Amino acid sequence: MTDRKMHIPYASVEEMHREIQNEIRVKFEEVYCSNWFIQGEELKKFEEEFASYCDSSFCVGCGNGLDALMLILKAYGIGTGDEVILPSNTFIATALAVIYTGAVPVFTEPDLLDYTIDAHKIEEKITAKTKAVIAVHLYGQPADMDAVLAITKKYGLKLIEDAAQAHGAFYRGRKTGSLADAAGFSFYPGKNLGALGDGGAVVTNDQNLADKVRALGNYGSDYKYHHIYKGNNSRLDELQAAFLRIKLSKLDFWNEKRREIAELYLDRIKNPQVTLPYIREDCESVYHIFAIRCQERDSLEKYLNKRGIGTNKHYPIPMHLQKAFLELGFQRGDFPIAEEISSTELSIPLYYGMTKRQAEYVAECINSFSV
Ligand SMILES: *Cc1c(COP(=O)(O)O)cnc(C)c1O
């Protein structure tokens, strides 16, 4: 155990951005001088490159990850009177995307082992109103998509990936973004692939869906001043698309470096009070978040913070207990597994540029914790 205290933030984009600053500046200049800022060549190229990266046919840029999910649902005609099933342990955007279409979010339990949606508990939530299931690739690990797909197929439901945390992850040799009817991605700056501002994308093999999402995100317009839907304004601008192209070319390398830190943690953290993430054998996680669990989570968090280690919780309140969703009428105890995860989960530092020594220090501090 080292006696020297280190300062390790929970996350940082500093090193990533230091390494690409010249490329970013050149690109900025190029787009700036083109005088074209919305729906131009950079977006077109990024969409082609990202679709190809996801082993999918189509990508449509949009304003953010929330809109990506909402536009998919709207394009499938999901709205008032419909229900969409999603896990209770997710970021609020997954649920809000459903609510903004007029449909009702129906929460279900995650699996306590891998924290993604429990396929065995979906069927009991299906009603005559159910139209779709959203599976969230939580913390960077794909949900068990084949198991979920077996159910959505049986009932004729759409299956949508919330891939906001899993750019570049694999499930049974297949990339996220190609695992369901459609996928929503976020390029929020903190995601594995992040813009220098907000951004998002829909990825799909379904050309009709891609066309409809594109129109819906552009005022419902199929061509200029011709509006076939009551659409939104949700577009990925030229600057962000240009920056994302630079970052996409480094994403696999950055994900690989994240994986090295994660593997060090998996190897070095040996505290019987701490549960490490479980990565299924058929999956390759991109470790958007390194989530450990501990019954004494709050004391462990204080202990690490005191030693200069930044932490986070994903997420401290499950969706069914959020004040914003009070009208859905849930109470504590309704989703015990989601509640167990939210009260014990702690996210520890993991970012590109983190050194081996820093990760070792984090592991040592966790190992020296006891109650
Ligand atoms: C970040 C995130 C979103 C929303 O993305 P935004 O770009 O912030 O709108 C949706 N779902 C999950 C699981 C996320 O982590």
**Item:** Contact order normalised by residue count of region 54-102, Cα under 8 Å, 6+ apart, percent
**Value:** 47
**Taking region 238-371 and dividing mean pair separation by its residue count, relative contact order in percent (alpha carbons under 8 Å, at least six apart)** = 34
**Request:** Could you please state how large a percent of the accessible area of the chain is carbon and sulfur, counting protein chains only and using a 1.4 Å probe?
**Result:** 51
**Item:** Range of Cα positions in region 246-368 per principal axis (Å), largest first
**Value:** 46, 38, 28
**Prompt:** Using the C-alpha gyration tensor of region 202-249, what are the square roots of 5 times its eigenvalues, in whole angstrom, with the largest one first?
**Reply:** 23, 14, 7
**Item:** Solvent-accessible surface (1.4 angstrom probe) belonging to residue 106, in square angstrom, nearest 10
**Value:** 30
**Asked** Restricting attention to region 288-371, which trypsin sites (Lys or Arg not before Pro) occupy a DSSP loop and are surrounded by at most 10 other Cβ atoms within 10 Å?
**Response** 332
**Request:** Report Rg (one decimal) and Dmax (nearest whole number) for region 1-106, counting Cα atoms only, units Å.
**Result:** 20.1, 60
**Message:** If the elastic network links every pair of Cα atoms under 10 Å, which of 154, 270, 45 fluctuates the most in the Gaussian network model of the chain?
**Reply:** 154
**Asked** So which trypsin sites (Lys or Arg not before Pro) in region 172-250 pass both tests, a DSSP loop state and at most 14 other Cβ atoms within 10 Å of the Cβ?
**Response** 172, 224, 230
**Asked** Any idea of the accessible area per residue across region 1-156, 1.4 Å probe, to the nearest Å²?
**Response** 46
**At 1.306 mPa s and 10 °C, Stokes diffusion of region 293-340 via Kirkwood alpha-carbon radius, µm² per second** = 127
**Item:** Reciprocal of mean inverse Cα separation for region 54-212 (Kirkwood radius, Å)
**Value:** 15.1
**Asked** Top mean-square fluctuation among 86, 328, 244, Gaussian network model of the chain, C-alpha springs under 10 Å?
**Response** 328
**Prompt:** Considering only DSSP states other than H, G, I, E and B, which chymotrypsin sites (Phe, Trp or Tyr not before Pro) in region 42-131 qualify as loop sites with at most 12 other Cβ atoms within 10 Å?
**Reply:** none
**Message:** Once the convex hull of the alpha carbons of region 53-93 is built, what does its volume come to per residue, in cubic angstrom?
**Reply:** 122
**Prompt:** So what does residue 7 come to for accessible area, using a 1.4 Å probe and Å² rounded to 10?
**Reply:** 140
**Request:** Over all directions, average the projected area of the Cα convex hull of the chain and note it in nm².
**Result:** 18.7
**Contact order normalised by residue count of the chain, Cα under 8 Å, 6+ apart, percent** = 23
**Message:** Need one value: the accessible area of residue 339 in square angstrom, 1.4 angstrom probe, rounded to the nearest 10.
**Reply:** 20
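The values are calculated or read from the model by the stated rules, or taken from the named source; none is laboratory data. Just so it is clear, the model here is predicted, and its values are computed rather than measured. Because the Cβ atoms are built from the backbone with ideal geometry, glycine has one as well, and the counts that use them run over all protein chains shown. Ligands, DNA and RNA are stripped out before the accessible areas are found, and what is left, the full protein with its side chains, is counted by its heavy atoms. Shrake-Rupley method; radii C 1.70, N 1.55, O 1.52, S 1.80 Å.
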